[in-house]
Amino acid sequence: MPLSSPVKARPASAPAVENGPSNHPPTHPQSVPVMRRSSKQLTIVIKLGTSSICDEVTHEPLLSTLSMIVETCIKLRRLGHRVILVSSGAIGIGLRRLNIDKRPKRLSAAQAIAAVGQCRLIALWDELFKQLKQPIAQILLTRNDIADRTQYLNAANTFTELLDMGIIPIVNENDTLAVTEIKFGDNDTLSAITAGMVNADYLFLMTDVDCLYDKNPRSFPDAKPVEVVDDISALDVDVSSAGSSLGTGGMSTKLTAARLATSAGVTTVIAHSRHPERIFEIVAYVQTLKRESGASTPLLGTEAALLEHGFESLAIALRCATPDSAQVARSHPARHSSPPRPINMPVPLHTRFTAKPRAIRDRYFWILHGLKPHGTVVVDEGAYRALTRSDKAGLLPVGIIDVKGTFGQQECVSIAVGKRNKGEGATGYNLVCNEAGRALVNYTSVEISHIMGHHSSEIDKQLGYADSEYVAYRDNIAFFDEKSNML
């Protein structure tokens, strides 16, 4: 299957100009739909990788792609939506500025090049957005910046204030300062954390293919697209393709980002960076699906959803493609009793990861994804059930069967689950789950190793003091999706 899949042409009666209806049919099948200001404001995060920003060989900026991204962001803003751009490319642009052929292996050299490139990169974005009078802001983050809860909230508040002011934040990892211990790892992960932090509606991971395939499309022409993913853990695809020589990501990092973002209730989409105009149609399509899922008059609901979100030409195209019986139903909805018809509207090729219906709460999201664990606490199955029930308890020392690593008070640890060996005199356990969740602990690793397996009333006897009866309070414990983490 080719990497690019053409978008279905709109009917001639569906004009595709920005300023209103036209008497002439559209001249290009990928024209952006007629837009008017949406009555529902959405928050949309768009992530661009290095391969979408600069050429892998010459390192020259891909101005045509960047210009289309800028136009897309501006049009989304004019529709009333809030937009955040997560942009890689500092090292690639830096290589071009310094006339260096390859990315150096030494960390300090790469960080120095990133320092040069980040200046040029944000200047390039500013120059492009300035042409359309759109102010931008630069936000550089490392994981250390959000490890503290106060700093995390400050970052979230800054995003909110910028968006309320009509400014488009441009986010990148602070490569000049980041080392392995405090790196997000790649900008796919950074974009997902950003989307969760701002409670975004959509995260678009823009890449150099149309969507996710069951096999690497570069090696297998018969690769089939994966259009909708409801359960990432059940996904059976080839993600062996790595990122570009300038970047750090690949398809596997996009799946990790999708898992993270969808857990926070963010619909995540993989789409082609050379066609950012497809974002409009994808958003219109997904919003229509959401509207249809609860609509009593589906066809009416579809048109209403399209108009509500500013996509007038798509509503016209849908109306023209609607069968006569549905036209009658529109005029006399009470007489229409046939089952709902599938949504008949153009949608470009993409992969959509559906958001979890029960999103992780903000504090729990921060514990799971904003912090780096410093060790592991292994709990037994009884403790795990107590921690995950609806009226969950805090973590008591009696339910702990092992401690791994070295950590201090109020540091983040992974929670693993083990099954105690049974039988008279039996010791030890079998690991059931490597990492079911994470927690902020009230005791150090040394202290927990002394009190594990004991009742809370015995903590003072074991340590000579008792700061708390809980090893971790319930509000400081968060769990990943159980199904995707159990072994």
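The values are calculated or read from the model by the stated rules, or taken from the named source; none is laboratory data. Since we're looking at a predicted model, the values are computed, not measured. Cβ: placed from backbone, ideal geometry, glycine included. Neighbour counts: every protein chain shown. For accessibility, only protein heavy atoms count, side chains too; no ligands or nucleic acids. Shrake-Rupley method; radii C 1.70, N 1.55, O 1.52, S 1.80 Å.
Each residue of segment 449-459 was assigned a 3J(HN,Hα) from its phi angle through the Karplus curve 6.51 cos²θ - 1.76 cosθ + 1.60 (θ = phi - 60°); the sequence is 5, 7, 9, 4, x, 9, 6, 4, 5, 9, 4 Hz, with glycine and proline shown as x. With θ taken as phi - 60° and the Karplus curve 6.51 cos²θ - 1.76 cosθ + 1.60 applied, the whole-hertz 3J(HN,Hα) list for segment 150-165 is 5, 5, 4, 5, 4, 4, 4, 5, 5, 4, 4, 5, 4, 5, 5, 7 Hz, x standing for glycine and proline. Each 10 Å bin from zero up to the one holding the largest Cα-Cα distance in segment 43-290 carries the following percent of pairs: 7, 32, 38, 20, 2, 0. The order of Thr267, Thr58 by accessible area, most exposed first and with a 1.4 Å probe, is Thr58, Thr267. Shown is the FRET efficiency for Asp222 and Lys461, computed with R0 = 56 Å from the Cβ-Cβ distance and rounded to the nearest 0.05: 0.25.
A full extension of the chain between Ala393 and Arg78 corresponds to an added length of 108.7 nm, given 0.36 nm per residue minus the alpha carbon distance. To the nearest 0.05, how large is the calculated FRET efficiency for Lys133 and Thr160 if R₀ is 22 Å and r is the Cβ-Cβ distance? It comes to 0.45. Between amide H atoms placed 1.01 Å from N, distances below 5 Å from Tyr429 occur with Asn421, all of them 5 or more places distant or on a separate chain. Here's how it looks for Ala436: its modeled amide H is under 5 Å from those of Ile415, Ala416, Val417, which are all 5 or more places away or on a different chain. In this simple spin-label model, placing a label point 7 Å from the Cα along the Cα-to-Cβ direction at both Asp475 and Thr406 gives a separation of 3.2 nm.
Compared with the alpha-carbon gap, the fully stretched path from Asn421 to Ser108 is longer by 107.8 nm at 0.36 nm per residue.
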